[in-house]
Amino acid sequence: METKNTKAYGTSAAEAPLQSMDIKRRVATPHDVEIEILFCGVCHSDLHTARNEWHGTVYPCVPGHEIVGKIVSVGGHVNKFKVGDVVGVGCIVDSCRDCQYCKEGLEQFCEPGMTGTYNSPDKHLANTPTFGGYSERIVVDENYVLRIPGNLDLAATAPLLCAGITTYSPLKHWNVGPGKKVGVVGIGGLGHMGIKIAKAMGAHVVAFTTSQSKFDEAQRLGADEVVLSKDPEQMKKFRGQLHFILDAVSAEHDINAYLNLLRVDGSLALVGAPELPLPVAAFSVIMGRKSFAGSMIGGIAETQEMLDFCGEHNITADIEMINIDQINDAYERLLKGDVKYRFVIEMASLKG
Ligand code: NAP
Ligand code: ZN
Ligand code: ZN
(Lines give C-alpha, C1' and ligand atoms only; values in the text may rest on other atoms or scores of the structure.)
(Ligands and ions follow the chains in the order given, each with its own letter.)
Protein backbone atom coordinates (compact mmCIF):
# COMPACT_ATOMS: atom_id res chain seq x y z
CA MET A 1 0.00 0.00 0.00
CA GLU A 2 1.21 3.46 -0.90
CA THR A 3 2.18 5.59 2.10
CA LYS A 4 3.23 9.13 2.84
CA ASN A 5 5.63 10.35 5.55
CA THR A 6 3.86 12.40 8.19
CA LYS A 7 5.22 14.53 11.03
CA ALA A 8 3.96 13.46 14.43
CA TYR A 9 4.67 13.59 18.15
CA GLY A 10 4.75 10.39 20.13
CA THR A 11 6.65 8.11 22.41
CA SER A 12 8.73 4.98 21.98
CA ALA A 13 8.44 3.60 25.54
CA ALA A 14 6.27 3.92 28.66
CA GLU A 15 8.96 5.86 30.53
CA ALA A 16 10.06 8.02 27.59
CA PRO A 17 8.83 11.57 27.01
CA LEU A 18 6.89 12.38 23.86
CA GLN A 19 9.04 13.73 21.05
CA SER A 20 8.97 14.57 17.39
CA MET A 21 8.87 11.55 15.07
CA ASP A 22 8.00 10.60 11.51
CA ILE A 23 5.20 8.11 10.85
CA LYS A 24 3.74 6.64 7.69
CA ARG A 25 0.11 7.07 6.75
CA ARG A 26 -1.67 5.44 3.84
CA VAL A 27 -2.48 7.54 0.83
CA ALA A 28 -6.28 8.09 0.76
CA THR A 29 -8.10 5.04 -0.67
CA PRO A 30 -11.43 5.57 -2.57
CA HIS A 31 -13.50 5.86 0.65
CA ASP A 32 -10.99 7.94 2.65
CA VAL A 33 -10.62 11.61 3.33
CA GLU A 34 -7.25 13.16 4.13
CA ILE A 35 -7.45 15.75 6.90
CA GLU A 36 -4.97 18.46 7.79
CA ILE A 37 -5.20 18.56 11.59
CA LEU A 38 -5.74 22.04 13.05
CA PHE A 39 -6.40 21.21 16.70
CA CYS A 40 -6.15 18.13 18.89
CA GLY A 41 -7.42 17.90 22.47
CA VAL A 42 -5.36 16.17 25.18
CA CYS A 43 -7.40 13.43 26.86
CA HIS A 44 -6.26 11.69 30.03
CA SER A 45 -6.56 8.43 28.03
CA ASP A 46 -3.66 9.72 25.89
CA LEU A 47 -1.53 9.80 29.03
CA HIS A 48 -2.75 6.39 30.32
CA THR A 49 -1.89 4.90 26.91
CA ALA A 50 1.44 6.68 26.32
CA ARG A 51 2.62 5.41 29.73
CA ASN A 52 1.15 1.91 29.24
CA GLU A 53 -1.03 2.23 32.36
CA TRP A 54 -3.66 0.00 30.72
CA HIS A 55 -1.00 -2.54 29.71
CA GLY A 56 -1.67 -2.84 25.97
CA THR A 57 0.35 -0.08 24.38
CA VAL A 58 2.24 -0.84 21.18
CA TYR A 59 5.19 1.48 20.53
CA PRO A 60 5.82 3.83 18.92
CA CYS A 61 2.60 5.42 20.18
CA VAL A 62 1.13 8.65 18.79
CA PRO A 63 -1.88 9.64 20.94
CA GLY A 64 -4.72 12.06 20.21
CA HIS A 65 -8.40 11.38 19.52
CA GLU A 66 -10.01 14.80 19.76
CA ILE A 67 -9.26 15.96 16.24
CA VAL A 68 -10.56 18.92 14.29
CA GLY A 69 -9.16 19.67 10.86
CA LYS A 70 -9.71 20.56 7.25
CA ILE A 71 -10.12 18.08 4.40
CA VAL A 72 -7.28 18.44 1.91
CA SER A 73 -8.05 15.51 -0.40
CA VAL A 74 -10.78 12.93 -0.90
CA GLY A 75 -10.85 9.46 -2.46
CA GLY A 76 -12.81 8.83 -5.66
CA HIS A 77 -15.87 7.31 -3.96
CA VAL A 78 -16.25 9.81 -1.11
CA ASN A 79 -19.68 11.42 -1.20
CA LYS A 80 -20.30 12.85 2.28
CA PHE A 81 -17.44 15.38 2.27
CA LYS A 82 -15.44 17.58 -0.07
CA VAL A 83 -12.07 19.32 -0.02
CA GLY A 84 -12.17 22.32 2.32
CA ASP A 85 -14.78 20.92 4.76
CA VAL A 86 -13.98 21.35 8.44
CA VAL A 87 -14.48 18.02 10.17
CA GLY A 88 -13.86 16.07 13.34
CA VAL A 89 -12.43 12.65 14.16
CA GLY A 90 -12.98 11.11 17.57
CA CYS A 91 -11.91 7.83 19.15
CA ILE A 92 -13.11 5.42 16.42
CA VAL A 93 -11.71 5.29 12.88
CA ASP A 94 -13.17 1.93 11.78
CA SER A 95 -15.14 -1.15 12.90
CA CYS A 96 -16.45 -4.37 11.29
CA ARG A 97 -19.69 -2.63 10.13
CA ASP A 98 -21.46 -5.98 10.18
CA CYS A 99 -21.96 -7.13 13.76
CA GLN A 100 -25.11 -6.49 15.77
CA TYR A 101 -23.54 -3.54 17.58
CA CYS A 102 -22.17 -1.84 14.46
CA LYS A 103 -25.62 -2.15 12.90
CA GLU A 104 -27.14 -0.51 15.98
CA GLY A 105 -24.68 2.39 15.83
CA LEU A 106 -22.74 1.12 18.84
CA GLU A 107 -19.42 0.83 16.99
CA GLN A 108 -17.58 1.32 20.27
CA PHE A 109 -18.73 -2.19 21.24
CA CYS A 110 -18.05 -3.80 17.82
CA GLU A 111 -17.75 -7.56 18.40
CA PRO A 112 -14.44 -8.20 16.61
CA GLY A 113 -13.31 -4.87 18.07
CA MET A 114 -13.44 -1.29 16.87
CA THR A 115 -10.34 0.31 15.37
CA GLY A 116 -9.31 3.03 17.80
CA THR A 117 -7.85 6.23 16.43
CA TYR A 118 -4.56 5.26 18.07
CA ASN A 119 -3.03 2.05 19.41
CA SER A 120 -5.25 -0.34 17.42
CA PRO A 121 -4.04 -2.71 14.68
CA ASP A 122 -4.18 -0.71 11.43
CA LYS A 123 -6.42 -2.53 8.93
CA HIS A 124 -4.52 -1.10 5.98
CA LEU A 125 -0.89 -1.25 7.10
CA ALA A 126 0.32 -4.63 8.38
CA ASN A 127 2.02 -4.83 11.78
CA THR A 128 1.44 -1.15 12.43
CA PRO A 129 -0.67 0.45 15.17
CA THR A 130 -3.00 3.28 14.25
CA PHE A 131 -1.53 6.70 15.01
CA GLY A 132 -3.59 9.50 16.53
CA GLY A 133 -4.03 13.21 16.22
CA TYR A 134 -0.71 14.53 17.56
CA SER A 135 0.32 14.75 13.92
CA GLU A 136 0.01 17.01 10.89
CA ARG A 137 -2.52 14.89 8.98
CA ILE A 138 -4.71 11.83 9.27
CA VAL A 139 -6.46 9.62 6.70
CA VAL A 140 -9.88 8.27 7.75
CA ASP A 141 -12.78 6.43 6.07
CA GLU A 142 -15.53 8.99 5.48
CA ASN A 143 -18.03 6.93 7.50
CA TYR A 144 -16.07 7.66 10.68
CA VAL A 145 -15.72 11.41 10.09
CA LEU A 146 -17.99 13.97 11.80
CA ARG A 147 -19.43 17.32 10.69
CA ILE A 148 -18.68 20.33 12.93
CA PRO A 149 -21.51 22.85 13.52
CA GLY A 150 -20.57 26.15 11.88
CA ASN A 151 -21.19 28.35 14.93
CA LEU A 152 -18.65 26.71 17.26
CA ASP A 153 -15.05 27.80 17.90
CA LEU A 154 -12.91 25.11 16.29
CA ALA A 155 -10.21 24.73 18.94
CA ALA A 156 -12.79 24.56 21.75
CA THR A 157 -14.80 22.02 19.75
CA ALA A 158 -11.98 19.47 19.53
CA PRO A 159 -12.57 18.13 23.09
CA LEU A 160 -16.17 17.31 22.21
CA LEU A 161 -14.88 14.45 20.05
CA CYS A 162 -14.01 12.42 23.16
CA ALA A 163 -14.88 14.31 26.36
CA GLY A 164 -18.17 15.48 24.84
CA ILE A 165 -19.44 12.15 23.58
CA THR A 166 -18.16 10.19 26.61
CA THR A 167 -20.34 12.31 28.88
CA TYR A 168 -23.30 12.89 26.51
CA SER A 169 -23.83 9.17 25.84
CA PRO A 170 -24.33 8.00 29.45
CA LEU A 171 -26.28 11.13 30.41
CA LYS A 172 -28.69 10.29 27.61
CA HIS A 173 -28.72 6.55 28.24
CA TRP A 174 -29.68 7.06 31.90
CA ASN A 175 -32.41 9.56 30.95
CA VAL A 176 -30.94 12.66 32.51
CA GLY A 177 -33.26 15.64 32.11
CA PRO A 178 -35.72 17.91 33.89
CA GLY A 179 -36.64 16.72 37.39
CA LYS A 180 -33.42 14.71 37.77
CA LYS A 181 -30.66 15.48 40.27
CA VAL A 182 -27.35 14.50 38.72
CA GLY A 183 -23.88 14.37 40.24
CA VAL A 184 -20.73 14.86 38.18
CA VAL A 185 -17.55 13.71 39.92
CA GLY A 186 -14.06 14.93 38.91
CA ILE A 187 -14.11 18.26 37.11
CA GLY A 188 -11.44 17.69 34.48
CA GLY A 189 -11.87 17.49 30.71
CA LEU A 190 -14.72 15.00 30.88
CA GLY A 191 -16.32 16.30 34.07
CA HIS A 192 -16.58 19.91 32.95
CA MET A 193 -18.28 18.76 29.73
CA GLY A 194 -20.57 16.56 31.83
CA ILE A 195 -21.70 19.60 33.83
CA LYS A 196 -22.39 21.65 30.70
CA ILE A 197 -24.25 18.88 28.88
CA ALA A 198 -26.31 17.69 31.88
CA LYS A 199 -27.33 21.30 32.50
CA ALA A 200 -28.33 21.76 28.85
CA MET A 201 -30.41 18.56 29.13
CA GLY A 202 -32.36 20.28 31.90
CA ALA A 203 -31.10 18.44 34.99
CA HIS A 204 -30.22 19.85 38.39
CA VAL A 205 -26.44 19.40 38.46
CA VAL A 206 -24.26 18.85 41.51
CA ALA A 207 -20.49 19.00 40.88
CA PHE A 208 -18.06 17.08 43.13
CA THR A 209 -14.45 18.21 43.15
CA THR A 210 -11.30 17.78 45.22
CA SER A 211 -9.99 21.17 44.04
CA GLN A 212 -10.82 24.34 45.97
CA SER A 213 -10.32 26.56 42.90
CA LYS A 214 -12.82 24.50 40.87
CA PHE A 215 -15.21 24.58 43.84
CA ASP A 216 -15.17 28.36 43.48
CA GLU A 217 -16.01 28.35 39.77
CA ALA A 218 -18.03 25.20 39.00
CA GLN A 219 -21.21 27.26 39.04
CA ARG A 220 -19.88 29.28 36.10
CA LEU A 221 -19.72 25.99 34.17
CA GLY A 222 -23.40 25.41 34.94
CA ALA A 223 -23.46 23.47 38.22
CA ASP A 224 -26.41 24.30 40.49
CA GLU A 225 -24.50 23.13 43.56
CA VAL A 226 -20.86 22.30 44.24
CA VAL A 227 -19.41 19.93 46.84
CA LEU A 228 -15.82 19.79 48.04
CA SER A 229 -15.64 16.00 48.15
CA LYS A 230 -12.89 15.89 50.77
CA ASP A 231 -15.27 17.42 53.32
CA PRO A 232 -17.47 14.66 54.87
CA GLU A 233 -19.97 17.22 56.19
CA GLN A 234 -20.65 18.54 52.67
CA MET A 235 -20.92 14.97 51.32
CA LYS A 236 -23.41 13.96 54.03
CA LYS A 237 -25.89 16.59 52.89
CA PHE A 238 -26.40 14.68 49.62
CA ARG A 239 -26.93 11.19 51.08
CA GLY A 240 -29.72 9.43 49.14
CA GLN A 241 -30.38 12.53 47.02
CA LEU A 242 -29.12 11.83 43.49
CA HIS A 243 -30.85 9.99 40.65
CA PHE A 244 -27.66 9.51 38.66
CA ILE A 245 -23.93 10.07 39.09
CA LEU A 246 -21.36 10.37 36.31
CA ASP A 247 -17.91 9.56 37.69
CA ALA A 248 -15.07 10.94 35.53
CA VAL A 249 -12.17 10.56 37.97
CA SER A 250 -8.89 9.36 36.47
CA ALA A 251 -7.34 7.90 39.65
CA GLU A 252 -8.27 5.72 42.63
CA HIS A 253 -10.97 7.12 44.88
CA ASP A 254 -13.66 5.84 47.23
CA ILE A 255 -16.56 4.83 45.01
CA ASN A 256 -18.69 3.85 48.02
CA ALA A 257 -18.78 7.47 49.19
CA TYR A 258 -20.63 8.28 45.93
CA LEU A 259 -22.88 5.19 45.79
CA ASN A 260 -24.17 6.37 49.18
CA LEU A 261 -25.42 9.57 47.56
CA LEU A 262 -27.79 7.74 45.17
CA ARG A 263 -31.53 7.50 45.69
CA VAL A 264 -33.28 4.11 45.61
CA ASP A 265 -32.84 2.62 42.11
CA GLY A 266 -30.20 5.23 41.28
CA SER A 267 -27.22 4.48 39.04
CA LEU A 268 -23.60 5.50 39.07
CA ALA A 269 -21.84 5.23 35.70
CA LEU A 270 -18.08 5.18 35.66
CA VAL A 271 -16.43 6.78 32.67
CA GLY A 272 -13.11 7.43 34.39
CA ALA A 273 -10.72 4.54 33.85
CA PRO A 274 -8.18 4.44 36.70
CA GLU A 275 -5.30 2.01 36.40
CA LEU A 276 -6.26 0.10 39.59
CA PRO A 277 -9.60 -1.51 40.68
CA LEU A 278 -12.15 0.44 42.73
CA PRO A 279 -13.53 -1.84 45.48
CA VAL A 280 -17.32 -1.70 45.93
CA ALA A 281 -18.83 -2.66 49.30
CA ALA A 282 -21.89 -4.96 48.97
CA PHE A 283 -23.99 -2.70 51.17
CA SER A 284 -23.26 0.28 48.94
CA VAL A 285 -25.44 -1.29 46.23
CA ILE A 286 -27.83 -3.72 47.97
CA MET A 287 -29.20 -0.99 50.18
CA GLY A 288 -31.40 0.95 47.77
CA ARG A 289 -31.17 -1.48 44.80
CA LYS A 290 -28.48 0.68 43.22
CA SER A 291 -26.57 0.08 39.99
CA PHE A 292 -22.84 0.51 39.53
CA ALA A 293 -22.32 0.78 35.77
CA GLY A 294 -19.89 2.01 33.15
CA SER A 295 -19.92 3.60 29.72
CA MET A 296 -17.40 3.95 26.89
CA ILE A 297 -17.35 6.88 24.45
CA GLY A 298 -20.30 6.62 21.98
CA GLY A 299 -21.05 5.47 18.42
CA ILE A 300 -20.57 7.55 15.28
CA ALA A 301 -24.22 8.57 14.84
CA GLU A 302 -24.48 9.51 18.50
CA THR A 303 -21.26 11.53 18.25
CA GLN A 304 -22.81 13.51 15.39
CA GLU A 305 -25.99 13.93 17.47
CA MET A 306 -23.87 15.25 20.38
CA LEU A 307 -22.04 17.72 18.11
CA ASP A 308 -25.36 18.99 16.74
CA PHE A 309 -26.74 19.25 20.30
CA CYS A 310 -23.67 21.28 21.32
CA GLY A 311 -24.11 23.47 18.24
CA GLU A 312 -27.74 24.18 19.18
CA HIS A 313 -26.85 24.93 22.80
CA ASN A 314 -23.59 26.74 22.01
CA ILE A 315 -21.55 24.35 24.10
CA THR A 316 -17.79 23.98 23.73
CA ALA A 317 -14.95 23.12 26.10
CA ASP A 318 -13.05 25.62 28.25
CA ILE A 319 -9.57 25.20 26.89
CA GLU A 320 -5.94 26.10 27.43
CA MET A 321 -4.12 26.14 24.10
CA ILE A 322 -0.60 24.70 23.98
CA ASN A 323 2.13 24.13 21.40
CA ILE A 324 3.13 20.54 20.73
CA ASP A 325 6.48 20.95 22.52
CA GLN A 326 4.60 21.69 25.76
CA ILE A 327 2.89 18.29 25.75
CA ASN A 328 5.14 16.63 28.36
CA ASP A 329 4.54 19.48 30.82
CA ALA A 330 0.83 19.28 30.03
CA TYR A 331 0.81 15.59 31.02
CA GLU A 332 2.43 16.43 34.37
CA ARG A 333 -0.17 19.12 35.00
CA LEU A 334 -2.97 16.71 34.02
CA LEU A 335 -1.76 14.35 36.73
CA LYS A 336 -2.16 17.15 39.28
CA GLY A 337 -5.68 18.03 38.08
CA ASP A 338 -4.17 21.36 37.04
CA VAL A 339 -6.00 22.18 33.81
CA LYS A 340 -9.05 24.36 33.17
CA TYR A 341 -10.41 22.31 31.67
CA ARG A 342 -8.83 20.79 28.57
CA PHE A 343 -5.47 21.28 26.90
CA VAL A 344 -5.77 21.66 23.13
CA ILE A 345 -2.70 21.48 20.91
CA GLU A 346 -2.46 24.04 18.15
CA MET A 347 -1.17 21.68 15.53
CA ALA A 348 0.48 24.37 13.39
CA SER A 349 3.17 24.30 16.11
CA LEU A 350 4.26 20.88 14.84
CA LYS A 351 5.41 22.43 11.59
CA GLY A 352 7.76 24.60 13.68
P1 NAP B 1 -8.65 14.86 33.60
O2 NAP B 1 -8.90 16.06 32.77
O3 NAP B 1 -7.28 14.59 34.11
O4 NAP B 1 -9.71 14.91 34.82
C5 NAP B 1 -9.73 13.99 35.85
C6 NAP B 1 -10.24 14.69 37.11
O7 NAP B 1 -10.36 13.69 38.14
C8 NAP B 1 -9.31 15.71 37.68
O9 NAP B 1 -9.44 16.97 37.08
C10 NAP B 1 -9.72 15.75 39.13
O11 NAP B 1 -10.92 16.52 39.28
C12 NAP B 1 -10.13 14.30 39.40
N13 NAP B 1 -9.04 13.56 40.07
C14 NAP B 1 -7.81 13.31 39.60
N15 NAP B 1 -7.09 12.58 40.46
C16 NAP B 1 -7.90 12.37 41.51
C17 NAP B 1 -7.76 11.67 42.76
N18 NAP B 1 -6.61 11.05 43.08
N19 NAP B 1 -8.83 11.64 43.60
C20 NAP B 1 -9.97 12.26 43.28
N21 NAP B 1 -10.15 12.95 42.14
C22 NAP B 1 -9.13 13.01 41.27
O23 NAP B 1 -9.05 13.54 32.81
P24 NAP B 1 -10.14 13.32 31.66
O25 NAP B 1 -9.49 13.47 30.34
O26 NAP B 1 -11.35 14.07 31.99
O27 NAP B 1 -10.42 11.75 31.82
C28 NAP B 1 -10.94 11.24 33.04
C29 NAP B 1 -10.88 9.73 33.03
O30 NAP B 1 -11.80 9.24 32.04
C31 NAP B 1 -9.52 9.16 32.62
O32 NAP B 1 -9.28 7.99 33.38
C33 NAP B 1 -9.71 8.80 31.16
O34 NAP B 1 -8.86 7.79 30.70
C35 NAP B 1 -11.13 8.32 31.18
N36 NAP B 1 -11.81 8.33 29.88
C37 NAP B 1 -12.73 7.37 29.67
C38 NAP B 1 -13.46 7.36 28.52
C39 NAP B 1 -14.53 6.35 28.32
O40 NAP B 1 -14.93 6.10 27.19
N41 NAP B 1 -15.05 5.76 29.38
C42 NAP B 1 -13.24 8.34 27.55
C43 NAP B 1 -12.30 9.32 27.80
C44 NAP B 1 -11.59 9.32 28.98
P45 NAP B 1 -11.13 17.51 40.55
O46 NAP B 1 -9.96 18.45 40.51
O47 NAP B 1 -12.43 18.16 40.27
O48 NAP B 1 -11.20 16.66 41.76
ZN1 ZN C 1 -10.39 10.39 25.26
ZN1 ZN D 1 -18.86 -4.52 14.43
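Summary table
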{"item": "Accessible-area composition of region 139-296, carbon plus sulfur, in percent [1.4 Å probe]", "result": "53"}
{"item": "Stretchable slack from Lys4 to Arg220, in nm (0.36 nm times residue separation minus alpha-carbon distance)", "result": "73.2 nm"}
{"item": "Rg/Rh for region 1-123, where both radii come from Cα atoms and Rh is the Kirkwood radius", "result": "0.97"}
{"item": "Ranked by how many other beta carbons lie within 10 Å on average, peptides 304-312, 212-220, 187-195 from highest", "result": "187-195, 304-312, 212-220"}
{"item": "Ranked by how many other beta carbons lie within 10 Å on average, peptides 321-334, 42-55 from highest", "result": "42-55, 321-334"}
{"item": "Over 29 Å (Cα to Cα) - which of Lys70/Lys199; Lys196/Lys230; Lys196/Lys351; Lys4/Lys340; Lys123/Lys196 fall in this group", "result": "Lys70/Lys199; Lys196/Lys351; Lys4/Lys340; Lys123/Lys196"}
{"item": "Cα-based Rg / Dmax (Å) for region 265-352", "result": "18.5, 58"}
{"item": "Segment Asp338-His77, extension gain: residue separation times 0.36 nm, minus the distance between their alpha carbons", "result": "89.5 nm"}
{"item": "Among Ser284, Gly222, Asn5 the positive-end extreme of the charge dipole of the chain (Cβ point charges)", "result": "Ser284"}
{"item": "Extended-chain gain in nm, criterion 0.36 nm per residue less alpha-carbon gap, Asp98 and Lys237", "result": "45.2 nm"}
{"item": "Dipole magnitude of the chain, debye to nearest 20 (Cβ charges: Lys/Arg +1, Asp/Glu -1, about Cα centre)", "result": "620"}
{"item": "Cα principal axis extents for region 114-163, largest first, Å", "result": "40, 21, 20"}
{"item": "Ranked by how many other beta carbons lie within 10 Å on average, peptides 285-294, 59-68 from highest", "result": "59-68, 285-294"}
{"item": "Kirkwood Rh and Cα Rg combined as Rg/Rh, region 65-192", "result": "0.99"}
{"item": "Hull-based mean projected area of the chain, where the convex hull spans the alpha carbons, in square nanometres", "result": "16.9"}
{"item": "Mean separation of Cα contacts under 8 Å (6+ apart) over length of the chain, as relative contact order %", "result": "18"}
{"item": "Region 163-294, accessible area per residue, ligands and nucleic acids excluded (1.4 Å, Å²)", "result": "42"}
{"item": "C-alpha center-to-center spacing [region 147-174, region 248-319] in angstrom", "result": "16"}
{"item": "Alpha-carbon Rg/Rh ratio, for region 153-293, with Rh computed the Kirkwood way", "result": "0.94"}
{"item": "Reach of Lys172 by Cα under 18 Å, taken over aspartates and glutamates that are not fewer than 8 positions away in the same chain", "result": "Glu104, Glu107, Asp247, Asp265, Glu302, Glu305, Asp308, Glu312"}
{"item": "Exceeding the 25 Å Cα-Cα cut-off - candidates Lys214/Lys237; Lys180/Lys290; Lys103/Lys180", "result": "Lys103/Lys180"}
{"item": "Label-reachable residues, region 129-155, where backbone N falls under 20 Å from a point 7 Å from Asn323's Cα toward its Cβ", "result": "134-137, 155"}
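The values are calculated or read from the model by the stated rules, or taken from the named source; none is laboratory data. These figures come from a predicted structure and were not determined experimentally. Neighbour counts run over all protein chains shown; Cβ positions are idealised from the backbone, glycine included. The area values use the complete protein model at the heavy-atom level, side chains included, leaving out ligands, DNA and RNA. Shrake-Rupley method; radii C 1.70, N 1.55, O 1.52, S 1.80 Å.
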